[in-house]
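Step one of this worksheet: look at the structure below.
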């Protein structure tokens, strides 16, 4: 089943990543009834968190030639291009 995957660069990584993912997922379900229905209807799995190494997003932006104040990493993506690039650059843990 598909799922939302959050790539997060932590200053201090939480001790219990599963508990954090559950808390975020529950919050999303409370705020978005459509998301709630997809989870309860077994259309989506609960969200997953993938930790990013320190300076990982900055290094990714540098790798694509977009490092600078006017360039921002997209917050949402409907494909896996950024996820795959982060993995190829070994920026995920």
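Taking only DSSP H segments of four or more residues, each worth -39500 (n - 2.57), what value at 222 nm results for the chain once the sum is divided by all its residues, to the nearest 500 deg cm²/dmol? Working shown, then result.
Numbers: 4 runs with 39 residues, N = 93.
Calculated mean residue ellipticity at 222 nm is -12000 deg cm²/dmol.
Sequence-distant contacts, meaning Cα pairs under 8 Å at least 6 residues apart, place the relative contact order of the chain at 37 percent.
Using only the alpha carbon atoms of segment 5-88, find the Kirkwood hydrodynamic radius as the inverse mean reciprocal pair distance, in angstroms to one decimal. About 14.6 Å for segment 5-88.
Angle of helix 17-31 to the longest C-alpha principal axis of the chain, folded into 0 to 90 degrees and rounded to 10: 60°.
Note on the chain: GNM, Cα springs under 10 Å; of 51, 14, 74, the largest mean-square fluctuation is that of 74. Between segment 2-33 and segment 66-93, the C-alpha centres lie 18 angstrom from each other.
Only the coordinates and a few stated rules stand behind these numbers; no lab work does. If you're wondering where the values come from, they're calculated on a predicted model, not measured in any experiment.
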